[in-house]
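The structure appears below as structure tokens.
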Amino acid sequence: MAQDASSSQRASARAPEDMPTSFGFTTVGEGQKQALVDDVFHKVAERYDIMNDMMSGGLHRVWKDAMVSVLAPPKSSARGWRLLDVAGGTGDIATRVVRRSHDTAKAVVCDINGSMLSVGRDRAEKAGLSDLITFSQGNAEELPFPDRSFDAYTIAFGIRNVPDIPKALREARRILKRGGRFLCLEFSEVDVPVLDKIYDGFSFNAIPAMGKMVTGDGEPYRYLVESIRKFPSQERFAEMIREAGFERVTYRNYSGGIAALHSGWKL
């Protein structure tokens with residue numbers, strides 16, 4: 001079904017208070033979003049990297065490398081530096097962080113979706129990283145970990161799929177040690193004239209069509225495109241991170257705002 005991707009629709013779509021009941025551009029009942037999102041990721045788990053390649057033109061790999069460079073995990077960790085990577089079921093961020101630390105850091109990948117976690121476990125085992133990366137099924141809104149148990153929290157292209165984002169941000173702060181860092185990489189609001197129109201045309205027309213060609217079903221990709229337009233702008237999301245109690249909150253745009261990396265500290 002064709003969607004109206006007008007500028008006015010997109011501008012009105014980025015209200016954080018709408019996120020718990022927005023499944024893309026469709027309004028759903030309270031408490032229904034999570035199951036619908038889970039179904040999307042069950043369908044795309046085996047082709048997750050292809051999905052991100054299609055949505056970013058392959059740039060998601062560059063952005064993820066940049067995210068890990070900003071995190072700068074220690075290359076020796078006598079005190080046991082630990083990362084929690086949320087909604088990172090396939091383990092791509094955790095793998096990058098552990099490798100960047102010269103295999104001294106340890107990472108826990110937490111994802112609500114069992115299919116995504118299965119892909120991640122297989123990849124970690126094949127890479128010989130099972131002792132350094134562990135996988136836990138859990139909800140970003142209610143993390144199954146004690147207070148102050150991690151040195152860093154990362155989430156890449158996952159927070160827009162969380163129904164209650166403010167609650168997830170408070171949980172991120174809870175599980176971080178004092179001095180811990182929060183990093184969120186997410187598709188965001190393009191801030192370059194002309195590029196925004198090109199990106200819209202590509203997103204709404206090409207990505208669902210390519211998704212159908214690759215997987216036989218374009219609807220999960222339509223949701224993922226729409227969910228980007230529902231996510232708050234860079235400035236509003238930075239404000240939400242501050243409201244959750246983080247300090248020294250900043251963000252940097254990648255590729256004209258197609259993606260943005262937000263950073264905050266628990267001080």
Given backbone amide H placed at 1.01 Å from N, residues whose amide H is under 5 Å from that of residue 180, ignoring those fewer than 5 places away on the same chain, are 266
Enumerate the calculated ³J(HN,Hα) couplings along segment 191-202 in order (Karplus 6.51 cos²θ - 1.76 cosθ + 1.60, θ = phi - 60°), each rounded to whole Hz, writing x wherever the residue is Gly or Pro.
-> 10, 10, x, 6, 4, 4, 6, 4, 5, 4, x, 5
Computed FRET efficiency, Cβ-Cβ of residue 239 and residue 219, R0 41 Å: what is it to the nearest 0.05?
-> 0.80
For segment 96-108, take each phi angle, set θ = phi - 60°, evaluate the Karplus expression 6.51 cos²θ - 1.76 cosθ + 1.60, and give the result in whole Hz per residue in order, putting x for glycine and proline.
-> 4, 5, 4, 5, 5, 7, 6, 6, 9, 7, 10, 9, 10
Using modelled amide H (1.01 Å from N, peptide plane; none on Pro or chain starts), what sits under 5 Å from the amide H of residue 189, excluding residues fewer than 5 places away?
-> 234
Phi-based couplings in Hz for segment 61-74 (Karplus 6.51, -1.76, 1.60; Gly and Pro marked x) = 5, 5, 5, 5, 4, 5, 4, 5, 5, 5, 5, 6, x, x
By how many nm would the segment from residue 137 to residue 149 lengthen if fully extended, with 0.36 nm per residue of separation less the alpha-carbon distance?
-> 2.6 nm
Neighbourhood charge, 15 Å Cβ-Cβ cut-off, centred on residue 253 and excluding it, Lys, Arg +1 and Asp, Glu -1 | -3
Given a Förster radius of 35 Å and the C-beta distance between residue 127 and residue 17 as r, what FRET efficiency does 1/(1 + (r/R0)^6) yield to the nearest 0.05?
-> 0.30
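The numbers here are math on the coordinates, done by the rules we state, and not lab data. Computed from a predicted model, the values in this text were never measured in an experiment. All Cβ positions, even for glycine, are placed from backbone atoms using ideal geometry, and neighbour counts span all protein chains on display.
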